[in-house]
1. Report whether or not Thr166 is touching a residue at least 24 places away in the same chain (Cβ under 8 Å), of a type in the set (Ser, Thr, Tyr) and under 14 Å from Ser324 (Cα atoms).
2. Which members of the range 173-193 meet the condition of being of a type outside the set (Phe, Trp, Tyr) and out of contact with any helix residue (DSSP H, G or I) (no Cβ under 6 Å at 6 or more places or on another chain)?
3. Determine which member of the set Glu295, Glu240, Glu301 is free of Cβ contacts under 8 Å to residues at least 60 places away in the same chain and acidic (Asp, Glu).
4. For the range 161-188: of the residues being among the polar types (S, T, N, Q) and in contact with a Pro (Cβ under 9 Å, 6 or more places away or on another chain), which is surrounded by the most Cβ atoms within 10 Å (Cβ to Cβ)?
5. Is it the case that the range 117-128 has a residue that's in contact with a Lys or Arg (Cβ under 8 Å, 6 or more places away or on another chain) and either within 21 Å of Ser22 (Cβ to Cβ) or not in a strand (DSSP E or B) (or both)?
6. How many residues does the range 5-39 hold that are β-branched (Val, Ile, Thr) and free of Cβ contacts under 8 Å to residues at least 40 places away in the same chain?
7. Search the range 209-223 for residues being touching a Ser or Thr at 6+ places or on another chain (Cβ under 7 Å) and crowded, with 21+ Cβ neighbours inside 10 Å, and hand back the single one that is nearest to Glu338 (Cα to Cα).
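The values are calculated or read from the model by the stated rules, or taken from the named source; none is laboratory data. In this text, all values refer to a predicted model and were calculated from it rather than measured experimentally. Note that each Cβ is placed from the backbone with ideal geometry, even for glycine, and that neighbours are counted across all protein chains shown.
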Amino acid sequence: MEYVRNAWYVAGWSSEFANDLSAVKILEDNIVIYRTSKGRVIAMEDRCPHRFLPLSMGKLIGDNLQCGYHGVTYNCEGHCVRIPGQKKIQKTLKVRTYPVFEQHDIVWIWMGDKSLADTSEIFDMPQFAQAGWEAHQGDAIHLTSNYLNVAENLVDPAHVSFVHPTTLGSSASEDVPVHFDTSGDAIVAWRWIRDSPPIGFFKEFPGYKTNVDRWHYYYLYPPSIAVIDFGSADSKEQIEENQRHLGTQLFALHFLTPVSSNRTIDRWMHLRNVAVGDETASSKINSMFKVAFAEDKQILEAIQEQEDHLQNQNPVHISIDKGSIAYRRRIADLIKSEAADNSTM
């Protein structure tokens, strides 16, 4: 399978990596990741060029990585620094390394041309640093699903009425039209449901008892980052679309890491403008998200099973698919552009 490689992907939460060896797979590349004694995150190809043993089966000697087969040792830049019993070191004994950057307790990895890696392009939101907002990391969902299907689900407000009827949606939104904007960096899908009972999520948190105005704004940033801005406000307040911050507003962030053609890791977290500093609220929100995302997992894995069985059959599109169609086209264009750039090098 082809992937967009010139992009920053999430390798993991910062808490996932310590001063030991972690084997991960991203875009079908086997990678070993570890922290140095000073806390720097190192990522390199998980293969010793000598006999191809995964380096994750070796051990750290200080900040260097020693292969577990014959003790060939590499530094943080992937250069061989020791061959036991041999003084001369061949220049070909070198391991590929990957640019890594860490911010907001997230470890990002660049999977493409190193010369194009620009940390200023890493996804960020002002709410991470703004007063009055709480950032809380959730979990990692391991899905037996192609990441394209997972991403499509995250630019699709229409599914919540049917997949999440007790958590994130209700029958009140079934026939509310979905609006789209495919002109910017993010593909956006959104809708408002006015003067209706609160959904299960907002009945639980923060506990609305009367009718609300609620919204879903889905932002999909190719190749694989999604932000869902959703919330509610008492209908009596009659807030405008640009006043969502006046209600209970949450951003659900999904960082999709494609593992292979039918495996994806979805690391999710949220930002909220209420109950700042309240760990009980964070735990409650986490538990509700876990229920909803388990519902998504069941749907997406069933779709993958059908795709594997019924190969080379295309889905029949309907009007709510405008966002996903634009997304697939954007991914295809990015892959085509990278291939063209590589052919001229």
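1. Here the answer is no, as Thr166 does not meet what is asked.
2. If the condition is that a residue be of a type outside the set (Phe, Trp, Tyr) and out of contact with any helix residue (DSSP H, G or I) (no Cβ under 6 Å at 6 or more places or on another chain), then Asp175, Val176, Pro177, His179, Asp181, Ser183, Gly184, Asp185, Ala186, Val188 are the ones that fit.
3. Glu240
4. Here the answer is Ser173.
5. Scanning the range 117-128 turns up no residue that is in contact with a Lys or Arg (Cβ under 8 Å, 6 or more places away or on another chain) and either within 21 Å of Ser22 (Cβ to Cβ) or not in a strand (DSSP E or B) (or both).
6. 2
7. In this case the residue turns out to be Arg214.
So that you can scan it fast, the table gives a plain yes or no per residue for (1) more than 25 Å from Glu2 (Cβ to Cβ); (2) assigned by TED's automatic domain parsing to the domain that holds Gly231; (3) at pLDDT below 95:
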position: Ile285; (1), (2), (3): yes, yes, yes
position: Met288; (1), (2), (3): yes, yes, yes
position: Gln313; (1), (2), (3): no, yes, yes
position: Arg328; (1), (2), (3): no, yes, no
position: Ile331; (1), (2), (3): no, yes, no
position: Asp341; (1), (2), (3): no, no, yes
position: Thr344; (1), (2), (3): no, no, yes
